[in-house]
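Q: This is the structure I have questions about; it appears just below.
The values are calculated or read from the model by the stated rules, or taken from the named source; none is laboratory data. Because the structure is a prediction, the values reported are computed rather than measured. Using ideal geometry, Cβ is built from the backbone for each residue, glycine included, and neighbour counts are taken over all protein chains shown. For the accessible areas, the whole protein counts, side chains as well, though only heavy atoms, and no ligand, DNA or RNA atoms are used. Shrake-Rupley method; radii C 1.70, N 1.55, O 1.52, S 1.80 Å.
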Amino acid sequence: MPRVQAKTHQRDFLNACKEGYQACSDFSYGGPLSEMVLLGCLAIRAGVGNKIQWDSANMKCTNVPEVNALVQREYRQGWTY
């Protein structure tokens, strides 16, 4: 993957949109990185001594079901999209 030639990652993203090339930190990189960081937050919320087994395809924890309430929110009726 090439290094960022623009001064910021935001500028690299905008240049990639305008010029049609893949940005250095596109969503194929940023998505899994964000998932990993948020999974660390879930592990902290699960508590000391609890290991999280994560099902990435279904976006849920398979062994500590209490943390699944933190993954997706239930919207009130009329507020879904």
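Q: On a full-extension model of 0.36 nm per residue, what is the gain between Tyr29 and Lys51, subtracting their alpha-carbon distance, rounded to one decimal in nm?
A: 5.4 nm
Q: If you don't mind, another one. Quick one: Karplus J couplings for region 46-51, per residue in order, coefficients 6.51, -1.76, 1.60, θ = phi - 60°, nearest Hz, x for Gly and Pro?
A: So the J values, rounded to whole Hz, are 5, x, 5, x, 9, 9.
Q: Could you state the accessible area per residue of the chain in Å², with a 1.4 Å probe and every protein chain left in place?
A: 88
Q: Moving to a separate point now. Mind listing the long-range amide H neighbours of Lys60? Cut-off is under 5 Å, sequence gap 5 or more, other chains count too, H placed in the peptide plane at 1.01 Å from N.
A: For Lys60, the qualifying residues are Asp55.
Q: Moving on. Of all accessible surface on the chain at a 1.4 Å probe, what whole percent is carbon and sulfur?
A: 55
Q: Per residue of region 60-71, what does 6.51 cos²θ - 1.76 cosθ + 1.60 with θ = phi - 60° give for ³J(HN,Hα)? Whole Hz please, x for Gly and Pro, Karplus curve as stated.
A: After applying 6.51 cos²θ - 1.76 cosθ + 1.60, I find 8, 8, 8, 10, 10, x, 4, 6, 5, 5, 8, 7 Hz.
Q: State to the nearest 20 debye the size of the charge dipole of the chain about its Cα centre, where the only charges are +1 on K and R beta carbons and -1 on D and E beta carbons.
A: Result for the chain is approximately 200 debye, rounded to the nearest 20.
Q: Separation between the Met36 and Lys7 pseudo-spin-labels, each 7 Å from Cα along Cα→Cβ, expressed in nm?
A: 3.0
Q: Which one is right for this structure if log10 I(q)/I(0) by the Debye sum over Cα atoms at q = 0.24, 0.25 Å⁻¹ is calculated from it: (i) -1.43, -1.44; (ii) -1.03, -1.09; (iii) -1.14, -1.20?
A: Label (ii) holds the value from this structure.
Q: Shifting gears a bit: Using +1 at the Cβ of each Lys and Arg and -1 at the Cβ of each Asp and Glu in region 21-81, identify which of Gly78, Asn58, Pro32 lies farthest towards the dipole's positive end.
A: Highest projection toward the positive end goes to Gly78.
Q: Moving on. Counting each DSSP H run of 4 or more residues in the chain as -39500 (n - 2.57), what helix-only mean residue ellipticity at 222 nm follows after dividing by all residues, to the nearest 500 deg cm²/dmol?
A: -12500 deg cm²/dmol
Q: Here's another thing I want to ask about it. For the chain, take the longest principal axis of its alpha carbons; what is the angle in degrees between that and the long axis of helix 9-19, to the nearest 10 within 0 to 90?
A: Long axis of 9-19 versus the principal axis of the chain: about 60 degrees.
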